[in-house]
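> I'd like to ask you about the structure that follows.
The values are calculated or read from the model by the stated rules, or taken from the named source; none is laboratory data. If you're wondering where the values come from, they're calculated on a predicted model, not measured in any experiment. Cβ placement follows ideal geometry from the backbone for every residue including glycine, while neighbour counts extend to all protein chains displayed.
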Amino acid sequence: MVSSPHIARVTRSFVTVTLALGLAACSSQAATQAPATQAPASQAPASQAPVSQAPASQKSYNIAFIAGQVGIPFYTTMQCGAQDAAKKYGVNLTWQGPSQWDLSLQMPMINAALQRHPDALALAPTDPVALVKTVQDAGIPVVTVDGNLSQPVDIQNIRTDNKAAGGLAADALGAAIAGTGSVLVLALSPGVSANQDRVDGFVTEMKAKYPNVTVLPTQYAGTDQRKAADITAATIQSKPDLKGIYTTNGDTAVGASGAVIAASKQGKIKIVAYDANPQQVRDLKAGIYDGLVVQAPYLEGYDAVELLVQVLDKSVDPTTLPDVKYPPMVVATRDNLDTPDVQKYLYVDSCS
């Protein structure tokens, strides 16, 4: 997402100070982006660590991982990946995160973690601008995951190609509503650039491919399911031609789908949502959703920890890393949900 030279970025990051879960295997010096609609067959399922074995780290490092939000399947799945990598490399891993996507709740956790002087930090930034200086001043290697920073002061950012994913969601929803009617977009927050990319990719693709679809102004519900439900209910009342809803995170999906069911519009108003929480998967099977944009949080967590170990061990030169590494993603439908290429990406409620 940032085009400034990586060497300059790492120099700033390391000289001024240089959770998170990675996505692909970060042992290579170049990032490879998997096809947008299908994950590689070698991808490990969310509940299973990658099968490749690497030598243990030269020493036991202390790595702090600060999630964007805890208590939701996306970040629980990311935690599973981080813990599996920590176990493989003998890392002492601490995992924390706020109960809501909120910088004011996350910042004290970041400060407390840094005061314990970890060897490295993995971070899902809840604010792309406010956390730049924090990462610059950390004095340790930092990898960001899921969200990104407005300046490339981290070693690497591992996140979904959200514009491409938004385009895939538009294709799925446009086909489901046969290219006509109005669609509602429910998003997290306009200040979160990665989430905004999900909106922009969707809107651009929908307007280009489905000119007879009216994309209503984007509504923002944060992670508040109740707010998402209220917005959806009001839109159903005010827009009789509402045919589809696109949500950019799991919480808004739950709220929107609840409002659709309450209005007896299940199956009439098509929903394509980000993420694949266990309940969302059940709802996809039940016909509440018509598609789910599935990310790879397990890999984000695993690869973030792995990359930090490799940088600390000096087996990977951070100056050779690209700014961004995109994990694979899939679009789950009722037709492909039970296939191995989709099953391995579905999220979990616990690491057990």
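Here's the yes/no breakdown for (1) of a type in the set (A, V, I, L, M, F, W, C); (2) closer than 26 Å to residue 77 by Cα; (3) at pLDDT below 95:
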| site | (1), (2), (3) |
| --- | --- |
| 171 | no, no, no |
| 181 | no, no, no |
| 189 | no, yes, yes |
| 227 | no, yes, no |
| 231 | yes, no, no |
| 237 | no, no, no |
| 244 | no, no, no |
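> Out of all the residues in the stretch 165-190, which are closer than 16 Å to residue 214 by Cα and in a loop (DSSP other than H, G, I, E, B)?
177, 178, 179, 180
> When residues of the stretch 62-78 are filtered for being touching a helix residue (DSSP H, G or I) at 6+ places or on another chain (Cβ under 9 Å), surrounded by fewer than 24 Cβ atoms within 10 Å (Cβ to Cβ) and polar (S, T, N, Q), how many remain?
Of the residues in that region, 2 qualify.
> Considering only the stretch 186-208, state which residues are crowded, with 24+ Cβ neighbours inside 10 Å and either more than 17 Å from residue 295 (Cβ to Cβ) or assigned by TED's automatic domain parsing to the domain that holds residue 128 (or both).
Once the filter is applied, which keeps residues that are crowded, with 24+ Cβ neighbours inside 10 Å and either more than 17 Å from residue 295 (Cβ to Cβ) or assigned by TED's automatic domain parsing to the domain that holds residue 128 (or both), the stretch 186-208 yields 186, 206.
> Hey, among the residues in the stretch 132-158 that are surrounded by fewer than 24 Cβ atoms within 10 Å (Cβ to Cβ) and under 18 Å from the mean Cα position of the chain (by Cα), which one's nearest to residue 329 (Cα to Cα)?
Here the residue is 147.
> On the basis of being touching a Leu at 6+ places or on another chain (Cβ under 8 Å) and acidic (Asp, Glu), does residue 300 make the cut?
yes
> Any residue in the stretch 97-121 that's within 17 Å of residue 133 (Cβ to Cβ): show its pairings with residues that are buried (at least 21 other Cβ atoms within 10 Å of the Cβ) and of a type in the set (D, E, K, R) at Cβ separation under 8 Å, as long as the two are six or more apart or on different chains.
Filtered contacts from the stretch 97-121: 103/127.
> Here's a follow-up. Checking the condition over 24 Å from residue 151 (Cβ atoms) and either modelled with pLDDT of 95 or more or buried (at least 16 other Cβ atoms within 10 Å of the Cβ) (or both), which residue from 81, 97 passes?
None of the other options fit; the residue is 81.
> Residues that are polar (S, T, N, Q) and buried (at least 24 other Cβ atoms within 10 Å of the Cβ): does the stretch 314-328 have at least one?
No; the residues of the stretch 314-328 include none that is polar (S, T, N, Q) and buried (at least 24 other Cβ atoms within 10 Å of the Cβ).
> Shifting gears a bit: Out of curiosity, is residue 272 within 17 Å of the chain's Cα centre (by Cα), outside the structural domain of residue 88 (by TED's automatic domain parsing) and of a type in the set (A, V, I, L, M, F, W, C)?
yes
> Tell me, yes or no, whether the stretch 283-297 has at least one residue that is out of contact with any Leu (no Cβ under 6 Å at 6 or more places or on another chain), surrounded by fewer than 20 Cβ atoms within 10 Å (Cβ to Cβ) and either small (Gly, Ala, Ser) or at pLDDT below 95 (or both).
Yes, there is a match, as at least one residue in the stretch 283-297 is out of contact with any Leu (no Cβ under 6 Å at 6 or more places or on another chain), surrounded by fewer than 20 Cβ atoms within 10 Å (Cβ to Cβ) and either small (Gly, Ala, Ser) or at pLDDT below 95 (or both).
> Testing residue 347 on (1) under 23 Å from residue 202 (Cβ atoms); (2) within 16 Å of the chain's Cα centre (by Cα); (3) not in a loop (DSSP other than H, G, I, E, B), one condition comes back false. Which one is that?
Residue 347 satisfies all of (1) under 23 Å from residue 202 (Cβ atoms); (2) within 16 Å of the chain's Cα centre (by Cα); (3) not in a loop (DSSP other than H, G, I, E, B) except (3).
> Still on this structure, please answer the following. Where the second residue is of a type in the set (D, E, K, R) and surrounded by 20 or more Cβ atoms within 10 Å (Cβ to Cβ) and the first is at positive phi and lies in the stretch 209-235, which pairs have Cβ atoms under 8 Å and are six or more apart or on separate chains?
Hits for this filter: 222/251.
> Can you pull out every residue in the stretch 220-234 that is closer than 15 Å to residue 257 by Cα and surrounded by 20 or more Cβ atoms within 10 Å (Cβ to Cβ)?
221, 223, 228, 229, 231, 232
> Scan the stretch 244-259 for residues that are of a type in the set (A, V, I, L, M), assigned to a helix (DSSP H, G or I) and crowded, with 24+ Cβ neighbours inside 10 Å and jot them down.
Residues satisfying the conditions are 253, 256.
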